[in-house]
Amino acid sequence: MRKKKLRSLSQRQAFVGRLFVYPWLIGFLIFFAYPFIRSIIFAFSELDLTPFGLKLTFIGFKNFIKALQEDPTFIQYLTLEVTNTIVNIPLILMFSLFIAILLNQRFKGRAFIRAIFFLPVVVMSGALLYVLESNTMEQFYIGAQTGMAMSNSPFVRGIDFRMFLIQITGNIPFVRPLIDAINRIYEIIWKSGVQILIFLAGLQSIPSSLYEVASVEGATPWESFWKVTFPLLSPIILVNVVYTVIDSFTDYSNDVLRYILEVAFRRLQHGYSSAIAWLYFLILGTILLLLVIFISKRVFYISE
Amino acid sequence: MKERKVNRSFWGNLVISVVLTVVAVFMALPLVYSIMNAFKPLDELFLFPPRLFVRRPTLKNFSDLFYLMGTSFVPFSRYLFNSIFISFFGTLGHVLIASMAAYPLAKHKFPGSKFLFNLVIFSLMFSGYVTNIPRFIIMAKLRLLDSYLSLILPYIGATLGLFLMKQFMEQIPDSYIESARIDGANEFKIWWYVIMPNVKPAWLTLILFSFREIWNDTYTPSLYIHNEALKPFSLGLTYIQQGGFVRAGAGAAAAVLMLIPSIIIFIITQSNVVETMKSAGIKG
């Protein structure tokens with residue numbers, strides 16, 4: 001401590017700062033940065049698995065050209081996934097903020113209702129989702145075979161509803177993603193569990209003294225929401241936007257990712273798989289970057 | 001809009017309760033459905049259209065499952081131990097190291113911190129699936145394949161936790177840190193006694209996420225672990241679920257078993273979150 005005092009404050013802080021970051025940085029470099037760079041190299045090469053190890057042949061932009069010009073499935077999956085995400089983000093955010101604020105109120109049975117809202121957070125992954133999907137799918141196939149088109153299941157019924165909406169609106173391409181979003185309202189509700197949790201944690205970290213001041217000054221609840229809650233919550237909104245984008249782009253049910261995995265492990269075209277993965281993430285990166293720049297200009301930090 | 005407004009009208013309360021109840025029912029439905037599935041006899045499982053509630057509840061699915069467990073090559077207690085071990089240390093590493101790194105990133109602004117944080121955001125959107133092959137090669141080079149470490153160590157460099165913790169730490173007023181510094185606390189003490197208690201909701205949330213992710217992960221272990229005795233519970237259960245129509249019942253039961261630890265963690269962290277919320281009101 002004494003020795004450090006000799007240095008300037010900013011130097012000392014920089015030193016301690018780096019010390020805190022190092023353990024994470026080491027893990028990051030080994031398990032993320034290095035594989036990341038390797039995959040760039042893969043994207044520009046043809047990768048062969050030989051008995052003596054990997055054989056890399058540099059082929060330039062061939063993989064990328066193939067993805068954009070020759071591969072019809074990739075472009076199709078990509079546009080579908082991108083439009084879905086762009087429609088979903090605002091819906092998920094508004095819904096989860098709304099629910100988080102309601103859950104932050106005082107009412108009877110709050111603990112119980114809250115617990116139910118976090119269930120998808122706990123449940124929605126891995127094995128259970130797999131079973132849920134495979135069961136309903138099997139049931140659907142069997143049902144279709146026996147000619148029973150009408151369904152009472154909330155999981156299957158949506159299909160008819162979607163066709164109905166498309167027919168009413170006359171199948172305009174622009175309305176299509178919106179219809180899909182309405183159809184996936186269930187999915188949106190279910191996907192916003194984590195966002196609700198993050199928003200709620202954010203709401204709880206807002207000092208209640210600020211609300212007291214606001215009400216003493218004569219602010220209505222509506223005003224104090226926009227003047228206190230919303231600005232103080234803005235860093236959390238940024239977190240949630242980033243989380244939502246990432247979550248939907250890296251979701252295991254994502255068509256593009258499934259395609260990337262299929263190319264890599266079924267067709268064993270590792271180089272091409274890396275290339276389309278890189279294309280996918282460049283597009284995703286641009287979207288995310290635009291969103292982050294747009295929002296961070298409006299984010300309010302309490303320490304400033 | 002917050003806790004203070006207790007004297008809300010009766011109708012206001014009613015509207016809130018009704019809206020929340022409707023959405024809550026929606027949210028609970030898949031869970032109820034899958035729990036119900038675990039108690040359905042085979043003919044009811046494949047009924048079309050599917051029914052939410054079970055008609056003739058049976059425990060046969062569970063007895064099938066335990067029979068399958070008993071006849072497996074490796075005892076299921078071993079799978080269970082593996083999973084608990086990996087999930088515990090993976091979560092611990094993720095939460096501790098991410099929050100350590102988040103503190104200077106949020107509060108010190110040392111040279112290069114901004115670049116580092118941009119790197120974190122950049123890496124967040126890069127799905128782990130894509131770097132699988134190079135990462136596998138690294139694991140092989142470090143001789144970590146077929147060891148617990150191959151499943152635990154990557155969480156040390158995890159970026160989600162760092163991002164989450166940094167965002168929350170930024171909300172802490174600088175005056176807290178300054179007053180601690182004046183009182184003679186070193187940086188480690190500030191981090192542990194000032195920063196961490198103030199972001200308790202954040203790291204409890206992170207524990208929940210992280211545990212859930214590691215516990216349910218079947219993909220990573222299937223790549224790195226080939227020794228049957230080191231495989232986690234989730235992988236063991238997947239084998240049962242992949243058994244097809246005949247094993248559908250046991251699979252449904254297995255899914256419910258899989259859920260229990262996550263729900264326990266959830267209950268523990270949840271009650272703590274409520275506690276923190278109460279104290280957060282006084283902190284101001």
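Some points to look at:
- Residues whose amide H lies under 5 Å from that of A:Ser45, counting only those 5 or more places away or on a different chain, are A:Ile59; hydrogens are built 1.01 Å from N in the peptide plane.
- Footprinting exposure proxy ranking of A:Leu233, B:Leu257, fewest other C-beta atoms within 10 angstrom first, gives B:Leu257, A:Leu233.
- Considering only B:Ile268, B:Leu164, B:Gly112, the residue lying farthest towards the positive end of the dipole of the range B:58-283 is B:Gly112, judged by Cα position with unit charges set on Cβ.
- For the range B:93-101, the Karplus equation 6.51 cos²θ - 1.76 cosθ + 1.60, evaluated at θ = phi - 60°, returns couplings of x, 4, 5, 5, 6, 5, 6, 4, 6 Hz by residue, with Gly and Pro reported as x.
- Farthest towards the positive end of the charge dipole of the range B:177-228, among the residues B:Ile214, B:Ala202, B:Ile225, is the Cα of B:Ala202, using unit charges on the Cβ of Lys, Arg, Asp and Glu.
- Assigned charges on the beta-carbon of Lys, Arg, Asp, Glu; the range B:58-283 dipole about Cα centre (debye): 140
- In order through the range A:279-296: 3J(HN,Hα) via Karplus (6.51 cos²θ - 1.76 cosθ + 1.60), integer Hz, x for Gly, Pro: 4, 4, 7, 5, 5, 4, x, 5, 4, 5, 4, 4, 4, 5, 4, 4, 7, 5
- Remark: B:Ser147, B:Ser34 ranked as B:Ser147, B:Ser34, counting other beta-carbon atoms within 10 Å and listing the fewest first.
- Counting Cβ atoms of other protein chains within 10 Å of each Cβ in B:133-140 and taking the mean gives 6.
- Over 22 Å between alpha carbons, listed pairs A:Lys297/B:Lys109; A:Lys297/B:Lys189; A:Lys62/B:Lys141; B:Lys60/B:Lys231; B:Lys109/B:Lys189; A:Lys191/B:Lys107: A:Lys297/B:Lys189; A:Lys62/B:Lys141; B:Lys60/B:Lys231; A:Lys191/B:Lys107
- Highest-first arrangement of A:188-199, B:224-235, where packing means the average Cβ count within 10 Å: A:188-199, B:224-235
Rule-based calculations on the coordinates, nothing more; no lab input. Note that the structure is a prediction, hence the values are computed from the model and not measured. Note that each Cβ is placed from the backbone with ideal geometry, even for glycine, and that neighbours are counted across all protein chains shown.
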